[in-house]
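Taken together, the values in this text are just the output of simple stated rules run on the coordinates, not laboratory data. From a predicted model like this one, the values you see are computed outputs, not experimental measurements. Here the Cβ positions follow ideal geometry from the backbone for every residue, glycine too, while neighbour counts run over all protein chains shown.
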Amino acid sequence: MCQPATKRSYPVPDDRGPEGSRLSVVRPPVVDDCEGTAPLEPTEGLFAELSGASARLEGSSPEAILRWTVDRFAPRFTMATAFGPEGMVLIHMLAEVGPRTPIFNLDTGYQFSETLAMVDRVRARYGIEVAFVRPPTTVEEYEAAHGGPVYRARPDQCCWDRKVSVLHEGVRGMHAWASAIRRDQSSDRARAAIAHWDAKFRLVKVSPLANWTKTDVWQYITRNDIPYNPLHDQGYASIGCRPCTRAILYGEDERAGRWSGSQKTECGLHTLDAPSK
């Protein structure tokens, strides 16, 4: 029995509400699951295919990795982006090698206004509409239900409720998704394969920029005049939700501004742990 089409929210130009509020949107489905194939199953054959492809693509360019992914999985290939520098690099590449790839943003309700404005810049530059996928409750409803901001006392729960669980919905009906992580960003990310079965979200995860460095990314952005979040020019090296992100100091790790003052380093999207609930 087919599943209902996953719905994503597209911004209506020049009709954005105040920061933290829901935006005015229309809601066309990106993929009609009733027209497609069955869900991709994690078989031994698939694992062998991904292992072989990952090894072959290890020394390939990100563009070549994306071409393989598009050829193998489109139209059931998608990308999630927070409009970071790496994500903008992949959007630039996909505009050439896979312009019909659906791209979405996990709009937690806590994002910076500068981050939300990147939707318009992507549309203007590439003609690509980035969808918003949102939690079922507004920030106001969520905080009222939990007696205040959850990110202060239970940041892992907040990330799960407003990001990780939302990605499950964003990739519903898809067979593969692209991630913009780099191996040199963290210990968890250091183990990322170019392509592997993502047990947490139950589809193939592809990381075309796994072997790139921060320098590689910014050189590519400069060379190709790619739009980027202006907060990067204000010392924000890694940008997540507004309450949990600060600018970094000189000499700090690029992710030091995320959940500063705590042991938390990841939202949970890219941790290599057991399948999530």
Original post:
Hey, got the dipole for the range 39-244? About the Cα centre, +1 on K and R Cβ, -1 on D and E Cβ, debye to the nearest 20?
Top reply: 160
**OP:** Taking 7 Å along the Cα-to-C-beta vector as the label spot, tell me the GLU143-ASP188 distance in nanometres, rounded to one decimal.
**Re:** 2.5
**OP:** Provide the gained length on full extension for the span ALA199 to GLN219, in nm with one decimal, where the gain is 0.36 nm per separating residue minus the Cα-Cα distance.
**Re:** 3.9 nm
Original post:
From the residues PHE77, LEU94, ALA55, which one has its Cα farthest along the dipole of the range 39-244 in the positive direction, the dipole being from +1 and -1 charges on Cβ of Lys/Arg and Asp/Glu about the Cα centre?
Top reply: ALA55
Original post:
Could the peptides 105-113, 43-51, 209-217, 227-235 be put in order, highest first, of the mean number of other beta-carbon atoms found within 10 Å of their residues?
Top reply: 105-113, 209-217, 227-235, 43-51
**OP:** Just rank LEU249, LEU203, fewest to most, by other beta-carbon atoms within 10 angstrom.
**Re:** LEU249, LEU203
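If R0 is 25 Å, what FRET efficiency do you get for ALA95 and ALA38 from their C-beta distance, rounded to 0.05?
The value I calculate is 0.25.
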Subject >> Mean shadow area of the range 39-244 over all directions, Cα convex hull, nm² >> reply: 11.8
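What is the packing order of peptides 124-137, 163-176, 74-87, taking the mean over residues of other C-beta atoms within 10 Å and listing the highest first?
Ranking, from highest mean packing down: 74-87, 163-176, 124-137.
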